[in-house]
Amino acid sequence: MNHRRALRAAVTVAVTGALAAAMTMTLTSTASAGTTLRASAAEKGRYFGAAVATGKLSTSAYVTVLNREFNSVVAENEMKWDATEPQQGQFRYTGGDRLVSHAQANGMSVRGHALLWHQQEPGWAQSMSGSALRSAMINHVTQVATHFRGKIYAWDVVNEAFADGGSGGRRDSNLQRTGNDWIEAAFRAARAADPGAKLCYNDYNTDGVNAKSTGIYNMVRDFKSRGVPIDCVGFQSHLGTSLAGDYQANLQRFADLGVDVQITELDVMTGGNQATIYGAVTRACMNVSRCTGITVWGVRDCDSWRGSDNALLFDCNGNKKAAYTNVLNALNAGPSIPTDPPTNPPTDPPTDPPTDPPTDPPAVGCSASVSLNSWTGGFVATVKVTAGSAGTSGWNVGFTLPSGASVTNTWSATASGSTGTVRFANVNYNGRLGAGQVTEFGFQGTGSASGVTPTCTAS
């Protein structure tokens, strides 16, 4: 979402009903009541965040509210494609770095928004298509996620790729026209670049069970079944004067697929229902154990992209509104995210030796396997290195690429050569592996790498 964009005509799926009854809280917590949004959310194992324009970090009234109330931030625009790669291959991270630094200094996590979106593409990307755009897209994901590696809690890898209306299908865009697997390719590239970040898909008008949210649901289910790395789904929740009666049920059905769910861009039109809707959304999140946090799209009403809607929790003077009180109360009344109980050892150890002989230990040295995400004219390779029984102090993986294939970018390894026989060596943080331990690296290339087989040697 972008505060510079005109407000969409349909900001919510309007389903009337008694909101309080629809979102009744049935679980309670014995934790002490937090007095700020960040404290209360943290007590329950969640975050409560805000979208930030870094230019406002020089405004003391803004920063006072931000630092007191929020333990997560997301950049309104500073991490989008047009901001981070204004010219092809020339990256600019000033705004994103400033936000990360502020977050680290104030005990906040950072959501990354957004690696790929059909809007706010830089001009050079808008004029591209086909394999050239696909290669540029994957390079952008790789470079940006690598730059911020280890600093981002969750990335909106792809934003708003599904169409409005009743089809439940994909939105037409230059990205979509590179091939229907473009979202999968983006997620695989993001995982290779930053294995520690949660990878999310994010969209709007998905607040209830409808054609659009079901289309996204089907994509997530497919990704999970095929091992495509997706960890979370973001629900923007730009709301008007009503809330879908099946809001919580919709969150839950996605959580049941094995992904986290997050409210990512919450704001609510002012009026008699604003405080009620804010409280209902918060209770719905608290009632879904895999709902890990809520982000409001701005700090004060005068910071909101929605203008006169006065859609946030604080007025322009930083005063708390009735909606704030409802949210805080819902956070304090809600349950914590459950933790798995420890596994108890068996009461009596087995007395008989196992009937099957132990399997052979891994061979001394190392082994490597590769998975490819390919498209016409290019590919991304993710390589898994497994240490043998002696472990490694370093490793080296070799490939013989087919004619016409060339390596253009590498992460978590150093490459020797780009065509023909190419070798990849560990970098300083992933060369030492214990017996059977695994690390990954990746590379991007042009042409085709179909059929390549890696060889691994260890030192």
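So in segment 321-334, with the set limited to residues that are open to solvent by 20 Å² or more (accessible area, probe 1.4 Å) and touching a Leu at 6+ places or on another chain (Cβ under 7 Å), which one is nearest to residue 299 (Cα to Cα)? Show your work before the answer.
Quick first cut of segment 321-334, residues open to solvent by 20 Å² or more (accessible area, probe 1.4 Å) only: 321-322, 325-326, 328-329, 332-333.
Those left that are additionally touching a Leu at 6+ places or on another chain (Cβ under 7 Å): 321, 328.
Numbers: 321: 12, 328: 15 Å.
Only one residue tops the list, namely 321.
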Margin query: Suppose we filter segment 258-287 for residues that are surrounded by fewer than 24 Cβ atoms within 10 Å (Cβ to Cβ), in contact with a Ser or Thr (Cβ under 9 Å, 6 or more places away or on another chain) and β-branched (Val, Ile, Thr); how many remain?
Written below: 1
Check: Can residue 231 be described as open to solvent by 10 Å² or more (accessible area, probe 1.4 Å), within 15 Å of the chain's Cα centre (by Cα) and at pLDDT 95 or above?
Finding: yes
Next item on the list: Return the total of residues in segment 269-311 being aliphatic (A, V, I, L, M) and under 23 Å from the mean Cα position of the chain (by Cα).
Entry: 7
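Name the single residue that is modelled with the lowest pLDDT among those in segment 385-401 being out of contact with any Gly (no Cβ under 8 Å at 6 or more places or on another chain) and closer than 13 Å to residue 427 by Cβ.
Kept after step one, since they are out of contact with any Gly (no Cβ under 8 Å at 6 or more places or on another chain), are these residues of segment 385-401: 385, 396-399.
From the residues that got through so far, the ones that are closer than 13 Å to residue 427 by Cβ too are 385, 396-397.
On the way: 385: 89, 396: 94, 397: 95.
If we take residues in segment 385-401 being out of contact with any Gly (no Cβ under 8 Å at 6 or more places or on another chain) and closer than 13 Å to residue 427 by Cβ, then 385 is modelled with the lowest pLDDT.
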Next item on the list: Taking residue 164 as the residue in question, decide whether it is open to solvent by 10 Å² or more (accessible area, probe 1.4 Å), closer than 27 Å to residue 297 by Cα, in a loop (DSSP other than H, G, I, E, B) and without any contact (Cβ under 8 Å) to a residue 24 or more places away in the chain.
Entry: no
Next item on the list: List the number of the failed condition for residue 86; all other conditions in (1) out of contact with any helix residue (DSSP H, G or I) (no Cβ under 8 Å at 6 or more places or on another chain); (2) open to solvent by less than 60 Å² (accessible area, probe 1.4 Å); (3) more than 25 Å from residue 58 (Cα to Cα) hold.
Entry: (3)
Next item on the list: Output the residue which, of all residues in segment 255-300 that are in contact with a strand residue (DSSP E or B) (Cβ under 7 Å, 6 or more places away or on another chain) and either of a type in the set (Asp, Glu) or free of Cβ contacts under 8 Å to residues at least 12 places away in the same chain (or both), is farthest from residue 198 (Cα to Cα).
Entry: 267
Next item on the list: Would you mind telling me which numbered condition in (1) surrounded by 23 or more Cβ atoms within 10 Å (Cβ to Cβ); (2) farther than 26 Å from residue 119 by Cα; (3) touching a Phe, Trp or Tyr at 6+ places or on another chain (Cβ under 9 Å); (4) not small (Gly, Ala, Ser) residue 290 fails?
Entry: (1)
Check: Looking at 46, 98, 38, 8, which one is at pLDDT below 50 and either under 24 Å from the mean Cα position of the chain (by Cα) or crowded, with 16+ Cβ neighbours inside 10 Å (or both)?
Finding: 8
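So which strands (runs of 3 or more DSSP E) stay within segment 373-459 end to end and still have 1 or more residues that are touching a residue at least 12 places away in the same chain (Cβ under 8 Å) and in contact with a Leu (Cβ under 8 Å, 6 or more places away or on another chain)? Quick ask: steps written out before the conclusion?
Numbers: elements: 378-387, 395-400, 406-411, 414-416, 421-425, 438-446, 455-458.
By residue number, 378-387, 395-400, 406-411, 421-425, 438-446.
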Item checked: Residue in segment 55-64 that is under 18 Å from residue 317 (Cβ atoms) and among the basic types (Lys, Arg) present -> yes
Next item on the list: Tell me, please, whether a residue that is open to solvent by 10 Å² or more (accessible area, probe 1.4 Å) and under 18 Å from residue 236 (Cβ atoms) can be found in segment 179-195.
Entry: no
Item checked: Identity of the residue in segment 111-136, closer than 26 Å to residue 264 by Cα and touching a Ser or Thr at 6+ places or on another chain (Cβ under 7 Å), that ends up least open to solvent (accessible area, probe 1.4 Å) -> 111
Check: List, please: which pairs have Cβ atoms under 6 Å, are six or more places apart or on different chains, and start with a residue in segment 88-106 that is of a type outside the set (Ser, Thr, Tyr) and end with one that is open to solvent by 50 Å² or more (accessible area, probe 1.4 Å) and at pLDDT 95 or above?
Finding: 91/143; 100/151
Notebook entry, point to check: Which residues, taken from segment 437-451, are open to solvent by 20 Å² or more (accessible area, probe 1.4 Å) and modelled with pLDDT of 85 or more?
Noted result: 446, 447, 448, 450, 451
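The values are calculated or read from the model by the stated rules, or taken from the named source; none is laboratory data. Every value quoted in this text rests on a predicted model; they were computed, and no experiment measured them. Cβ atoms come from the backbone with ideal geometry, glycine included; neighbour counts cover every protein chain shown. Side chains are part of the model used for accessible areas, which takes the heavy atoms of the whole protein and leaves out ligands, DNA and RNA. Shrake-Rupley method; radii C 1.70, N 1.55, O 1.52, S 1.80 Å.
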